[in-house]
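Trainee: Encoded as structure tokens, here's the structure I'll be asking about.
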Amino acid sequence: MNLPSAAPLVLGIESSCDETGVGIVRGTELLTNTVSSSMEEHVRFGGVIPEIASRAHLDAVVPALRRALDEAGVSLEDLDAIAVTSGPGLAGALMVGVCAAKALAVATGKPLYAINHLVAHVGVGLLDGGPLDGRDLPENLGALLVSGGHTEILRVKHITDDVELLGATIDDAAGEAYDKVARILGLSYPGGPAIDRLAAEGDPKAIRFPRGLTQPKYMGTPEQPGPHRFDFSFSGLKTAVARCVEQYEARGEAVPVADVAASFQEAVVDVITAKAVLACREHGITSLLLGGGVAANSRLRALAAERTAAAGIELIVPKPSLCTDNGAMVAALAAQVVMAGGRPAGLGFAPDTSQPVTSVSL
Amino acid sequence: MLILTIDTSAIASAALLSAGDDAAEVLATFATEDTRSHAEVLAPGIRRMLDDAGVPGARLGLVLTGVGPGPFTGLRSGIATARTLAFAWDKPLAGVMSLDAVAWDVVAAGAAVSDFVVATDARRKELYWAQYAADGTRQSGPHVTAPSELPALPVHGAGAGLYAQQLEAQGSSVPEAFARTQPTAASLGLSAAAVLRGGGRLADSSPLYLRESDAQVPGPRKRAL
């Protein structure tokens, strides 16, 4: 019988996309965070190829487990619980982490927790030395998650059992749009860092690219919200960049790549931060946590800081290694679930590629 | 020596075997007919099987996994499980080509009178297959091809049953007794134990995908203007 512990020792496995992560925490103390990425193998495709990511997970997961346990100086017998991302994510990729986690549970007899990937991006903020440094998550908390696979605004009333989705992308994720625009501009993969670097040399006002889903028919009013008040769309923006580049080429002019990059980035970051701050205001959210790989983007951080400050909202940004996908966030959230007396998932659950944020743990 | 064997190249199955100097015997098995729920059923099946047999992981001498060929996602669930169990229990790990399980069944039943082929469903109108001598020695494979490329020999295994008419029309025979047989962990374990008894070596646990991912490197951008 495992009684809820004051500071449970939890190992978390993450494999929802192209990062194989194993992290170990003791309560809110981070002991280790091992991440192995297959990003290099996706470069020539300009995006994550699920089958290639899944094959890489299979070969990376046991070495990552071994390394994490070594670095943390703990043995499997010491653990209080095992945790794994059960979704959302790529089916074949999730499957590898879930099977490894279940096997660990079979081998050790330890309870297994099936954790929501998106909520884990928030849970990581609770770790010691992070932006909250071990204090409780603030009341009236929101989260803005921006990555290659996700663009979401969440309201977090209680981290282990009361999370609500306020808005999300209806097509591409923001990071995906970065990758596609980088290809259009002949830049390297992943597109985020490449565009961020080039945008610093360009004029963000040179070209006015569309801000998706900002028309009144989508936004509505605070009293009568439209159908996509807090939702995002980046598919049209990506097409607008392609048409813009083609027009320069058709006229035989050089494409002002830095201006296009800066203007594209401004369109993305403007709409994301505007809608996030609007969602905070209208839902009484006073602290906003930024997560996901695109949280490393310099313009997103700057504009989010500027706009949240103007609105009197506290902005919480974990360090980059905890913003991108990792196992520590899975362990961190599972530790909260354990401390709250949450029930383990057992061995029979299936990965859920579209696990909703309302399902913090299965 | 006690051996835990896992195979998810088609169905999900596990077996506990006792391998001695002269023979091996199957002590317990778990299997599901479903080919699409491996990640759900495999771990609970293994736990129940070992609990019922009263064998803790520490008593195992070897963990074996079928390495395919088989549909990728399902195949990986067994290999990931076996690799992690072997790591956690600190036991040796080895791999066995999954079609060898059906070949073992055919030979053990005395049904092999000539060279023969074992075939399983590779989806996309193709078969995974390998060719064996009458004593069960593998002669070629595994391959993945259209059924039309199989040699004109008796073809056993669930893949044969799927394409029985076509295979018979091109000169193969499809014996009814094995027309629905899938690789099982129990037969795979017996096959591997025989290899070990004969002084042979087993392969590592690397999957035999036989196909690359479908991803294409993107070509030049399509233009609308």
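Trainee: Being touching a strand residue (DSSP E or B) at 6+ places or on another chain (Cβ under 8 Å) and not in a loop (DSSP other than H, G, I, E, B) is the filter here; which residues of segment A:163-191 pass it?
Mentor: Once the filter is applied, which keeps residues that are touching a strand residue (DSSP E or B) at 6+ places or on another chain (Cβ under 8 Å) and not in a loop (DSSP other than H, G, I, E, B), segment A:163-191 yields A:VAL163, A:GLU164, A:LEU165, A:LEU166, A:GLY167, A:ALA168, A:THR169, A:ALA174, A:GLY175.
Trainee: So in segment A:36-59, with the set limited to residues that are facing chain B (nearest Cβ under 7 Å) and over 18 Å from A:GLU14 (Cβ atoms), which one is surrounded by the most Cβ atoms within 10 Å (Cβ to Cβ)? Write out each step before concluding.
Mentor: Just the residues of segment A:36-59 that are facing chain B (nearest Cβ under 7 Å), to begin with: A:44-46, A:49, A:51-52, A:54, A:58.
After this cut, where a residue has to be over 18 Å from A:GLU14 (Cβ atoms) as well, the list is A:44-46, A:49, A:51.
Values: A:ARG44: 11, A:PHE45: 16, A:GLY46: 17, A:ILE49: 20, A:GLU51: 18.
Checked segment A:36-59; the qualifying residue surrounded by the most Cβ atoms within 10 Å (Cβ to Cβ) is A:ILE49.
Trainee: Looking at (1) in contact (Cβ under 8 Å) with a residue 40 or more places away in the chain; (2) over 16 Å from the mean Cα position of the chain (by Cα), which is the only condition A:GLU223 fails?
Mentor: A:GLU223 satisfies every listed condition except (1).
Trainee: Can you list residue pairs whose Cβ atoms sit under 8 Å apart, with the first residue in segment B:84-95 being facing chain A (nearest Cβ under 10 Å) and the second being among the hydroxyl-bearing types (Ser, Thr, Tyr) and outside any strand (DSSP E or B)? Count only pairs 6 or more apart in sequence or on different chains.
Mentor: B:ALA88/A:THR108; B:LEU93/B:SER205
Trainee: While we're looking at this one, here's another question. For segment B:96-122: of the residues being assigned to a loop (DSSP other than H, G, I, E, B) and in contact with a helix residue (DSSP H, G or I) (Cβ under 8 Å, 6 or more places away or on another chain), which is nearest to B:SER9 (Cα to Cα)?
Mentor: Here is the first cut: in segment B:96-122, the residues assigned to a loop (DSSP other than H, G, I, E, B) are B:97-98, B:109-115, B:122.
After this cut, where a residue has to be in contact with a helix residue (DSSP H, G or I) (Cβ under 8 Å, 6 or more places away or on another chain) as well, the list is B:98, B:109, B:111-112, B:122.
Numbers: B:SER98: 7, B:ALA109: 22, B:ALA111: 23, B:ALA112: 23, B:ALA122: 10 Å.
This residue is B:SER98.
Trainee: Then there is this: Taking A:GLY292 as the residue in question, decide whether it is crowded, with 21+ Cβ neighbours inside 10 Å, within 14 Å of chain B (Cβ to nearest Cβ) and under 23 Å from A:LYS319 (Cα atoms).
Mentor: no
Trainee: Here is a further query. So, in segment B:134-160, how many residues would count as being under 18 Å from the mean Cα position of the chain (by Cα), in a loop (DSSP other than H, G, I, E, B) and surrounded by fewer than 21 Cβ atoms within 10 Å (Cβ to Cβ)?
Mentor: The qualifying residues number 2.
Trainee: Same structure, new question: Among the residues of segment A:225-253, write down those that are aliphatic (A, V, I, L, M) and either closer than 18 Å to A:ARG208 by Cβ or modelled with pLDDT of 95 or more (or both).
Mentor: If the condition is that a residue be aliphatic (A, V, I, L, M) and either closer than 18 Å to A:ARG208 by Cβ or modelled with pLDDT of 95 or more (or both), then A:LEU237, A:ALA240, A:VAL241, A:ALA242, A:VAL245 are the ones that fit.
Trainee: Out of A:GLY284, A:GLY346, report the one residue that is part of a loop (DSSP other than H, G, I, E, B), farther than 21 Å from A:PRO88 by Cβ, touching a residue at least 40 places away in the same chain (Cβ under 8 Å) and not aliphatic (A, V, I, L, M).
Mentor: After applying the criteria, what remains is A:GLY284.
Trainee: Are there any pairs with C-beta distances below 8 angstrom linking a residue in segment B:211-225 that is more than 7 Å from chain A (Cβ to nearest Cβ) and in a loop (DSSP other than H, G, I, E, B) to a residue that is modelled with pLDDT under 80 and exposed (fewer than 10 other Cβ atoms within 10 Å of the Cβ), with the two at least 6 apart or on different chains, and if so which?
Mentor: Matching pairs, first to second residue: none at all.
Trainee: Listed residues A:ALA295, A:ALA309, A:ALA332; which is without any contact (Cβ under 8 Å) to a residue 24 or more places away in the chain and part of a helix (DSSP H, G or I)?
Mentor: Residue meeting the stated conditions: A:ALA309.
Trainee: Does A:LEU322 satisfy the criteria of being at pLDDT below 95 and either buried (at least 16 other Cβ atoms within 10 Å of the Cβ) or assigned to a loop (DSSP other than H, G, I, E, B) (or both)? Write out each step before concluding.
Mentor: Numbers: at pLDDT below 95: yes; either buried (at least 16 other Cβ atoms within 10 Å of the Cβ) or assigned to a loop (DSSP other than H, G, I, E, B) (or both): yes.
Considered against the rule, which asks whether it is at pLDDT below 95 and either buried (at least 16 other Cβ atoms within 10 Å of the Cβ) or assigned to a loop (DSSP other than H, G, I, E, B) (or both), A:LEU322 comes out as yes.
Trainee: Being outside any helix (DSSP H, G or I) and either of a type outside the set (Gly, Ala, Ser) or in contact with a Leu (Cβ under 8 Å, 6 or more places away or on another chain) (or both) is the filter here; which residues of segment B:174-194 pass it?
Mentor: Correct list: B:VAL174, B:PRO175, B:ARG180, B:THR181, B:GLN182, B:PRO183, B:THR184.
Trainee: Name the single residue that is surrounded by the most Cβ atoms within 10 Å (Cβ to Cβ) among those in segment B:48-67 being of a type outside the set (A, V, I, L, M, F, W, C), more than 12 Å from every other protein chain (Cβ to nearest Cβ) and not in a helix (DSSP H, G or I).
Mentor: This residue is B:GLY66.
Trainee: Then there is this: Taking segment A:193-214, which residues are exposed (fewer than 15 other Cβ atoms within 10 Å of the Cβ) and outside any loop (DSSP other than H, G, I, E, B)?
Mentor: A:ARG197
Trainee: Now a separate question. Of the conditions (1) more than 10 Å from every other protein chain (Cβ to nearest Cβ); (2) part of a helix (DSSP H, G or I), A:GLY89 clears all except one; give me its number.
Mentor: (2)
Trainee: Right, another one. Counting only residues that are of a type in the set (A, V, I, L, M), surrounded by fewer than 23 Cβ atoms within 10 Å (Cβ to Cβ) and in a helix (DSSP H, G or I), which one in segment A:242-266 is farthest from the other protein chains (Cβ to nearest Cβ)?
Mentor: A:ALA258
Trainee: On to the next question. Does at least one position in segment A:113-135 carry a residue that is at pLDDT 95 or above and either within 14 Å of chain B (Cβ to nearest Cβ) or over 26 Å from A:LYS319 (Cβ atoms) (or both)?
Mentor: Yes, there is a match, as at least one residue in segment A:113-135 is at pLDDT 95 or above and either within 14 Å of chain B (Cβ to nearest Cβ) or over 26 Å from A:LYS319 (Cβ atoms) (or both).
Trainee: Here's something else I'd like to know. Out of the residues in segment B:198-222 meeting the condition of being surrounded by 11 or more Cβ atoms within 10 Å (Cβ to Cβ), out of contact with any helix residue (DSSP H, G or I) (no Cβ under 6 Å at 6 or more places or on another chain) and modelled with pLDDT under 95, tell me which one is nearest to B:ALA109 (Cα to Cα).
Mentor: Checking each candidate, the answer is B:ARG211.
Trainee: If we scan segment B:31-39, do we find a residue that is of a type in the set (Lys, Arg) and modelled with pLDDT under 95?
Mentor: Yes, there is a match, as at least one residue in segment B:31-39 is of a type in the set (Lys, Arg) and modelled with pLDDT under 95.
Trainee: Does A:VAL84 meet the test of being modelled with pLDDT under 95, more than 10 Å from chain B (Cβ to nearest Cβ), buried (at least 22 other Cβ atoms within 10 Å of the Cβ) and within 26 Å of A:LEU144 (Cα to Cα)?
Mentor: no
The values are calculated or read from the model by the stated rules, or taken from the named source; none is laboratory data. Note that the coordinates shown come from a computational prediction; the quantities given were computed from them, not determined experimentally. Positions of Cβ are generated from backbone atoms using ideal geometry, with glycine treated the same way; all protein chains shown enter the neighbour counts.
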